[in-house]
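Student: Can you read through this structure? Questions will come right after.
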Amino acid sequence: MSLLDSFFRRNGHEEDHSADTARERLKIIVAHERSTRNGPDYLPAMQQDIVTVVNKYVNVNPGDIHIQLDSLGDTSVLEVNVTLPG
Amino acid sequence: MAKIIVITSGKGGVGKTTTSAAFATGLAMKGFKTVVIDFDVGLRNLDLVMGCERRVVYDFINVINGEARLHQALIKDKHSENLCVLPASQTRDKDALTKEGVEAVLSDLAKDFDYIVCDSPAGIEHGAMMALYFADEAIVTTNPEISSVRDSDRILGILQSRSRRAENNLEPVKEHLLVNRYDPVRVSKGEMLDLEDVKEILAIPLLGVIPESPDVLKASNKGLPVIHLQESIAGQAYMDMVERFLGEERPHRFLEAPKPSLIQRMFGGK
Ligand SMILES: Nc1ncnc2c1ncn2[C@@H]1O[C@H](COP(=O)(O)OP(=O)(O)OP(=O)(O)O)[C@@H](O)[C@H]1O
Ligand SMILES: [Mg+2]
């Protein structure tokens, strides 16, 4: 940052842009929470167990495992996606 | 048929009670018989914002328990003929709000009033569930702030799955977004979520935008719902919201930062 820049910033010309970060974080978390919203009550516990099992073999973060339950007519499909460390 | 409207949010302190008081007062000013109920058992506040705290004798739970008649617990507003307040209990615990009890009181009120406004407590516990369960419409009150928006989305999910209308496969609860404490100066600096961002994320129809305003605190200090302050931008925004709710077209106001004057610009202020 140049001297001139910092002078103007201190004079209240600062543009913060943290609202952009807030918006992006919100979009992601809200989309995630909506996708799990209508799932059965056992889903979070099952997700926890799957994380534990996978972690016996490979080291992954809970965030690297995506579990989704979709219903198609009268059957449901459980989709488990694990991103393994490269 | 009386319409039941819940003022809800999930997150605490976003302006539910302020909005309940202003909205109910506005409906009454428009000629509708309106009652506003405080569901915040143990943390009664609506009486203060409405300025009737010294006239509370009986409360909502006394009525549910049959310790008082409904007409004994209802407090007539001092400014508006058409408005009554049903205060929350300050002493009991929330479990005293039974679903059957709440339903019985609401159906009694429905005989005499056009609108029943329910001021929800924060959270998603029992008190908040009881406030939203019987609602026909919901005003989801949100601040342009990350936790508030997320919690509002949570509440929308609950309205869509656990309300009476959802459980009985009736027409869904009609959802309205109310953005409160909007500060266009901070939005223009990029430090507060833009109205468009909030609308896009929550994706429900916008009923109103209430600006951040010192008048809200001044009004609650006096026990006067801010909608009575006709010079106040917050009061005007609440009246717009009421009129929009009643089906009138009103453009959203107070969304832009005031332009800095020439002098302010010359001296580097904002
Ligand atoms: N538009 C506004 N401008 C400035 N201050 C506001 C505005 N709206 C609300 N406030 C202030 O925010 C505080 C919380 O408001 P209020 O009590 O209505 O929130 P609430 O959602 O009912 O809180 P709780 O979750 O505890 O019930 C109050 O001090 C109020 O004066
Ligand atoms: Mg409140």
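The values are calculated or read from the model by the stated rules, or taken from the named source; none is laboratory data. All values derive from a computational prediction rather than experimental measurement. Counting neighbours? That spans all protein chains shown, and the Cβs are built from the backbone with ideal geometry, glycine included. All accessible areas refer to the heavy atoms of the entire protein, side chains included, with ligands and DNA or RNA removed. Shrake-Rupley method; radii C 1.70, N 1.55, O 1.52, S 1.80 Å.
Student: In a shell of Cβ-Cβ distance under 14 Å around B:Lys218, excluding B:Lys218 itself, what net charge do Lys and Arg (+1) and Asp and Glu (-1) give?
Tutor: Taking every other residue near B:Lys218 into account, the sum is -2.
Student: Sticking with this structure for a sec: What list of whole percents do you get for P(r) of the protein assembly as shown, with Cα-Cα distances grouped in 10 Å bins up to the one holding the largest distance?
Tutor: Percent of Cα pairs in each bin: 5, 21, 27, 21, 14, 8, 2, 0.
Student: What is the percent carbon and sulfur in the accessible area of the stretch B:140-270, measuring with a 1.4 Å probe over the protein chains and ignoring ligands?
Tutor: Here carbon and sulfur together make up 50 percent of the probe-accessible area.
Student: Further question on the same structure: Could you pull the Rg and Dmax for the stretch B:132-234, using just the Cα atoms, both in Å?
Tutor: 15.6, 46
Student: I've got another one for you. Of B:Ser89, B:Ser20, B:Ser147, which has the largest mean-square fluctuation in a 10 Å C-alpha GNM of chain B?
Tutor: Highest fluctuation among the options: B:Ser147.
Student: With θ taken as phi - 60° and the coefficients 6.51, -1.76 and 1.60, list the Karplus ³J(HN,Hα) couplings across the stretch B:13-23 in order, rounded to whole Hz; mark glycine and proline as x.
Tutor: Ordered by residue, 3J(HN,Hα) equals x, 8, x, 5, 5, 4, 5, 4, 5, 5, 5 Hz.
Student: Quick one: helix B:99-112 against the long Cα principal axis of chain B, what's the angle to the nearest 10°, folded into 0 to 90?
Tutor: Tilt of helix B:99-112: around 80 degrees.
Student: While we're on this one: Report the extension gain between A:Val60 and A:Thr36 in nm, rounded to one decimal, defined as 0.36 nm multiplied by the number of residues separating them, less their alpha carbon distance.
Tutor: 6.6 nm
Student: Over the Cα atoms of chain B, each weighted equally, I'd like the Debye log10 I(q)/I(0) at q = 0.12, 0.15, 0.16 Å⁻¹, rounded to two decimals.
Tutor: The Cα Debye sum returns log10 ratios of -0.69, -1.07, -1.21.
Student: Next question. Using only the alpha carbon atoms of the stretch B:6-59, find the Kirkwood hydrodynamic radius as the inverse mean reciprocal pair distance, in angstroms to one decimal.
Tutor: 12.0 Å
Student: Name the residues whose placed amide hydrogens come within less than 5 Å of the amide hydrogen of B:Glu175, ignoring near sequence neighbours (fewer than 5 apart) on the same chain.
Tutor: Result for B:Glu175 returns B:Ala138.
Student: Can you work out the Karplus-derived ³J(HN,Hα) for every residue in the stretch A:31-38? Use 6.51 cos²θ - 1.76 cosθ + 1.60 with θ = phi - 60°, whole Hz, and x for glycine or proline.
Tutor: Listing the rounded values in order: 4, 5, 5, 5, 5, 9, 4, 9 Hz.
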